[in-house]
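Working notes, beginning with the structure itself.
The values are calculated or read from the model by the stated rules, or taken from the named source; none is laboratory data. Computed from a predicted structure; not experimentally measured. Neighbour counts are summed over all protein chains in view; Cβ atoms, including those assigned to glycine, are modelled from backbone coordinates with ideal geometry. Protein only, heavy atoms only, side chains kept; ligands, DNA and RNA dropped before computing areas. Shrake-Rupley method; radii C 1.70, N 1.55, O 1.52, S 1.80 Å.
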Amino acid sequence: SDAICNFVICNDSSLRSQPIIFNPDFFVEKLRHEKPEVFTELVVSNITRLIDLPGAELAQLMGEEDPKLPGANSTASGFFRSLMSLKRKEKGVVFGSPLTEEGIAQVSQLIEYLHKNLRAEGLFRVPGNSIRQQILKDALNSGTDIDLDSGEFHSNDVATLLKMFLGELPEPLLTHKHFHAHLKIADLTLFDEKGNKTSTPDKERQIEALQLLFLILPAPNRSLLKLLLDLLYQTAKKQDKNKMSAHNLALMFAPHILWPRNVTANDLQENITKLNNGVTFMIKHSQKLFKAPVYIRECARLHYLGSRAHTSKDDLDLLTSPGSKELQPLKSQKRSRLDSCHQEETQQRTEEALKELFLHVHNMPDSAKKKKLIRQFNKHPTALTPGSDVPTSPAPRRTRSRSFSGLIKRKVLGTPVILERKSRDSTPEPVRVSKENVQLLQKCGSPAHMSQAKLKSLEGQKEGSCRLMRAHLLSRDSSSL
C-alpha cells in the first residue's frame, strides 16, 4: 500500500524507440550483493533438496573445505600434470590470470566477433594459424584495441584463442568446489510408478539444480559463462553449416570449463561421459539456466517488501524526494483513518468489558464488597466509562475500628454480621441473579446505560431499608429485655 511509482518522461527522441528492460531477478541480485550469507544459505538449502551431497561435499560447495578432486593423490599422471602446468607458467594480463572484469571485457571482443562468423565449418574444432594467434594474444594481454573485422584474423584463429583463454584460467570456469555437484546433477533421473530409479534423465530437476548452482557462482564466472553458453547455443543452431552439434561443442569445451585443472582423462575414468553429457545439456538449455527459480525470486522479494525493517537507504531517499511530497497528505489521511478505526475497535471492546463487569457487580449478593465496588463506580465515573483506562491501583483498604456501635451490632445481630464478614473476605461465588435484581434491571434497563443519579437513588433505597430493619430489631430486643 505504501509503494510509490515514479514515471520518468524522456524527451530524447533517440531513446524512445529503445526497448524497456525489466529484470525479474532484481531482488535476487539485490539480496546477493547486499546479504551474500543469507543468499547463499537460501540457495544451498534448495540445492540439497534436489541432490544428495554428503557432509564433505557440502562443505566443499560452501567453500568451508578445500575441494578433493579426482587424481589429486595419484602419482601416475604426475608427469603429465607438470607438463601442462609448464605451459601456463608465463602469465599475462589476461591469459593465465584469475578471472576479472577486465579480462572478460577483453575476451568479449572474441565472442562478439564469433557471433558474426558462426557458419565457418569445423568452428572450435579446426585449429587456426599459431602465428596469428600469438599476435592476437599479445594484443589482448597488452590491452590494445583490436580490429577483428579488418580481415587479418580468421574465425578459427579467434575460436582457438577463446579455448586457450579458458584452458589457462587457474581453475575451470565452473570452479573446483562445484565439481561434485555437477556429477550429482548428471545422475538426476526419473522414477517409475513403483518409485524405482530409471535411466531417463529428469530434465526439469536438472535445469532447476543448474539454475541454483549458477546463482552461487562468482560474479565474473557467471557473467563469462552466460556469454559462452549463449555463443555455443547459437553455434549449435547453425550446425547444418558449421557441422558442430551441441555434443561436438561439449567435447571441445568440457575439459576447459568443467574438468579440474592438472588432471588427465585417466584420472576421471568413468566420469568423462557424464561430464561431457552435462556440458551438452547446458548448451541445449542455456536460455533457461540463468533465470532464478520462482520461489527464489519470491523469497528475495518478500525479504525486502515483506517488512518495513528491511527498507534500504535508497528507498528512504525515494520517499523523501520532491516528487513524492504530494503523496504524503494522502498517506497521512489513510494512516489517520486506520488509527481512528483502531481506536473505535478498542473503545468498543472496552465498553463490552465494562458492561460485563457492571452486570457482574449488580448480580452479586448483597455484601460489603458489593457496596465497595459500587462506591468505586460512583467516585470514578469518568475513569470507568468506555474509552478510558480502568484504574490499575485499587483504593487503600480501610481498617475496621472496634467501636461501641460495632460491638452492639455484633451482640444484637450476631450471625448475620459474621456471615457478612465471611462473604466479604471470601472470593465471590458464581453469579446468582435474584428476583429483586431482575426486576431492578428490567426497570432501569442495561446497567451500562444507567445514569449516576439512578445508581445513587437505588443505593439510597437499599441503605434506607437496611436502617429500618436494624431499628426494628433493636426496638424488639430492647422491649424483650
Taking Leu31 as the residue in question, decide whether it is at pLDDT 85 or above, under 29 Å from Arg301 (Cβ atoms), among the hydrophobic types (A, V, I, L, M, F, W, C) and not in a helix (DSSP H, G or I). no
Quick one: what pairs do we get from segment 345-364, first residue touching a residue at least 40 places away in the same chain (Cβ under 8 Å) and open to solvent by 80 Å² or more (accessible area, probe 1.4 Å), second part of a helix (DSSP H, G or I) and of a type in the set (A, V, I, L, M), C-beta under 8 Å, 6+ apart or different chains? Lys355/Ala448
For segment 304-323, state whether one or more residues are under 30 Å from Thr175 (Cβ atoms) and modelled with pLDDT of 55 or more. yes
Would a scan of segment 124-133 turn up a residue that is among the aromatic types (Phe, Trp, Tyr) and not assigned by the TED database to the domain that holds Leu275? yes
Consider only pairs whose beta carbons are under 6 Å apart and that are at least six residues apart or on different chains; among these, list those whose first residue lies in segment 152-179 and is more than 13 Å from Asn262 (Cβ to Cβ) and whose second residue is of a type in the set (Lys, Arg) and surrounded by fewer than 21 Cβ atoms within 10 Å (Cβ to Cβ). Phe153/Arg132; Asp157/Arg132
Within the set of pairs 6+ apart or on separate chains, which have a first residue in segment 59-76 that is farther than 30 Å from Pro36 by Cα, a second that is modelled with pLDDT of 75 or more, and C-beta atoms under 7 Å apart? Gly71/Val263; Gly71/Asp267; Ser74/Asp267
With the first residue restricted to segment 291-305 and required to be more than 20 Å from Leu213 (Cα to Cα), and the second required to be modelled with pLDDT under 90 and assigned to a helix (DSSP H, G or I), Cβ contacts under 6 Å at 6 or more apart or on different chains are Tyr304/His310
Output the residues belonging to segment 45-58 that are under 23 Å from Ile272 (Cα atoms), in contact (Cβ under 8 Å) with a residue 40 or more places away in the chain and of a type outside the set (A, V, I, L, M, F, W, C). Asp52, Glu57
Residues of segment 57-71 classified as more than 19 Å from Ala186 (Cβ to Cβ) and either open to solvent by less than 60 Å² (accessible area, probe 1.4 Å) or modelled with pLDDT of 95 or more (or both), total: 2
Options Lys284, Lys243: the member that is farther than 21 Å from Asp187 by Cα and out of contact with any strand residue (DSSP E or B) (no Cβ under 8 Å at 6 or more places or on another chain): Lys243
